[in-house]
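The values are calculated or read from the model by the stated rules, or taken from the named source; none is laboratory data. All of these numbers come straight from a predicted model, not from anything done at the bench. Note: ideal-geometry Cβ built from the backbone for every residue, glycine included; neighbour counts use all protein chains shown.
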Amino acid sequence: MIERRLLDVIIGVYVSILVVATSALVQWESVASTFSVGVAVALGVGIAAVVALVVSTIEDLANTVASVPVAALTVGLPLVFFPYLIFVAEPASTQALVAAAGLAAVIPGAAVPAGGTMLTNRRQREAATEITVVTVGDDDASEWWTRLQLGGGLLVGTGIMIMVLGMISGFLDGGTSLITTLGGLITTVASLLGDDSTELAVTDTGLGIDWRFTRWESFEGFRVTDDNIELHRPEWYHTTQSYDREEITDEETLLEGLGRYLPRLDEDGKRTDTTAETTPVGEYSQN
């Protein structure tokens, strides 16, 4: 369970950065003269180790942190350091460096829910019984949005950290270093987003879409248009996932698999048949 141990460590690092940076800045007037970066790092390592040990005892940790509220919290808390850095700390001072370190916690903060989601998806996929697998050579903007969600947090958080540290250190060379670094980040994320092949795996408990896994009860149903097969989910933050019918390697097999577990919807989102046979899907449950 290397992935689980890594998640424990990420949470430990995240908490330690927030605790050390916050405690230092809250009492900055009294600790400024004796503040030591080395001591702060050592203290942070100790806190990270303790936190990692504690969270390792939480049995369902991955599922707990794999949620939108947790993502909003873990990414949002470090952003509190940004106004402090701009309006309170003196530029290029040790105080500003501490605030920037606190802001940098947005990176492990984004990694916490992302790691939990990946670990949860993997466990569910491994426990499921595979019915059929098809490949989609290309998909629509909805899949691009999903990939943006995966890489966007890392890109934005890293970009903010680079800009803040650049302003503090004064080593941006007129902005050239920042542009070069962000260019490299954009290239990396673009390579992640640019994969135009998608694997759809129909299982007895849910649908695997590449590395992601969604249980059947999380879907409203599927709809077939002249050009696409659409997967609908009820949550406002989940866009409709649409796949080009001409790019699906075996459309008939995919539709047969989806029909076993999901209701087919019309243009208005209403159920048009009674093909869903096994797994309950919200109000469309059948036994």
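Annotations
- If the condition is being touching a residue at least 60 places away in the same chain (Cβ under 8 Å), touching a helix residue (DSSP H, G or I) at 6+ places or on another chain (Cβ under 7 Å) and not in a loop (DSSP other than H, G, I, E, B), then segment 82-104 contributes PHE82, LEU85, GLN95, ALA96, LEU97, VAL98, ALA99, ALA100, ALA101, GLY102, LEU103.
- Residue pairs meeting the criteria (Cβ under 8 Å; at least 6 apart or on separate chains; first outside the structural domain of PRO108 (by TED's automatic domain parsing), in segment 53-77; second exposed (fewer than 13 other Cβ atoms within 10 Å of the Cβ) and at pLDDT below 95): none
- Checking each residue in segment 231-261 for being part of a strand (DSSP E or B) and buried (at least 17 other Cβ atoms within 10 Å of the Cβ) picks out LEU231, HIS232, GLN241, SER242, TYR243, ILE248.
- Residue match in segment 23-33 (condition: within 14 Å of GLY109 (Cα to Cα) and either assigned by TED's automatic domain parsing to the domain that holds ALA111 or aromatic (Phe, Trp, Tyr) (or both)): no
- Count of segment 33-48 residues which are surrounded by 14 or more Cβ atoms within 10 Å (Cβ to Cβ) and over 13 Å from VAL19 (Cα atoms): 1
- Scope segment 262-287; condition under 18 Å from ALA201 (Cβ atoms), surrounded by fewer than 16 Cβ atoms within 10 Å (Cβ to Cβ) and at pLDDT 85 or above; matching residues: none
- Residues of segment 1-37 that are within 28 Å of ALA62 (Cα to Cα) and assigned to a loop (DSSP other than H, G, I, E, B): MET1 alone.
- Exactly one residue out of SER33, SER23, SER56, SER16 is in contact with a helix residue (DSSP H, G or I) (Cβ under 7 Å, 6 or more places away or on another chain) and more than 30 Å from SER218 (Cα to Cα), and it is SER16.
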